[in-house]
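Notes to accompany the following structure.
The values are calculated or read from the model by the stated rules, or taken from the named source; none is laboratory data. The model shown is predicted, which means the values in this text are computed figures rather than measured ones. Reconstructed Cβ throughout: ideal geometry from the backbone, glycine too, with neighbour counts over all protein chains shown. Just the protein is used for accessible areas: all its heavy atoms, side chains included, with ligands, DNA and RNA removed. Shrake-Rupley method; radii C 1.70, N 1.55, O 1.52, S 1.80 Å.
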Amino acid sequence: EKESCAPWSASENSNVNSDTMKAKCTSGTTGAYTGIPEYVTVLEISKKIEATLESYGAEVVMVRDNHDVNLSNIDRAQIGNEAGADVTLRIHCNGSDNSSVSGIDLYTRGTGDGSTEYIQRSKKDYEFACELIDYIVEATGAKKRNVTKTDTYTGINWSEVPCIIIECGFMSNETEDNLLNDAEYQQKIANGIANWLLTTELI
């Protein structure tokens, strides 16, 4: 099934708006070398992030803690909204037709409805992400790729709190596929995120 990619109208953004329909949920990629599905890998990473942040006293709200869920991207955004989260982190892994591609990408909100308020939120989220990617890269030794502003992600568009998509690496790359499914490396990702949250001012 599909849902609206964004809450704003076509008059506010002609490229992406409430008439733009996207799949409520997608299957994600699969490790080209490990054969492990992305949804398995990212939950393992997310649980380490949860445990690490809680060890520092943070309150963590997980969208899911198992694989038996039926949540759309809007549903996931609204969980963060209802929690009044300081930040929503969407944990993903990437894939490419080119097996040599590797590294970490982050995505944040774009121009949205074009309002001054939204543009300010976009600027702030982008600044957060530019800080965060450096912390993750330092903790993991992974290649730093890009921080990209975009209106194409439903989960970001419907988020009313700071929201960052973290593409932790490429499961199409042999080295990263193995690393992303290695507990020690997963913990490095969690450590990088925790180190950022310990030093940044989200509010």
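Observations
Conditions (1) within 18 Å of the chain's Cα centre (by Cα); (2) at positive phi, marked per residue:
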| site | (1), (2) |
| --- | --- |
| 157 | yes, no |
| 162 | yes, no |
| 169 | yes, yes |
| 176 | yes, no |
| 182 | no, no |
| 185 | yes, no |
| 201 | no, no |
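- Sub-6 Å Cβ pairs linking a first residue in the range 52-65 that is free of Cβ contacts under 8 Å to residues at least 24 places away in the same chain to a second residue that is open to solvent by less than 50 Å² (accessible area, probe 1.4 Å) and basic (Lys, Arg), at least 6 apart or interchain, are 63/76, ordered by first then second residue.
- In the range 175-186, the residues that are among the charged types (D, E, K, R) and modelled with pLDDT of 95 or more form Cβ pairs under 9 Å with partners that are surrounded by 22 or more Cβ atoms within 10 Å (Cβ to Cβ) and in a helix (DSSP H, G or I), at six or more places apart or across chains, as follows: 177/41.
- Candidate set: the range 2-26, residues that are touching a Ser or Thr at 6+ places or on another chain (Cβ under 8 Å) and among the β-branched types (Val, Ile, Thr); chosen: the one least open to solvent (accessible area, probe 1.4 Å): 16
- Taking every residue in the range 1-12 that is among the hydrophobic types (A, V, I, L, M, F, W, C) and pairing it with any residue that is part of a strand (DSSP E or B), at least 6 positions away or on another chain, the pairs with Cβ-Cβ distances below 8 Å are 5/21; 5/22.
- Residue match in the range 127-139 (condition: in contact (Cβ under 8 Å) with a residue 60 or more places away in the chain, acidic (Asp, Glu), outside any loop (DSSP other than H, G, I, E, B) and touching a Phe, Trp or Tyr at 6+ places or on another chain (Cβ under 7 Å)): yes
- Matching residues, the range 90-126, being touching a residue at least 60 places away in the same chain (Cβ under 8 Å), open to solvent by less than 10 Å² (accessible area, probe 1.4 Å) and assigned to a strand (DSSP E or B): 93, 104, 105, 106
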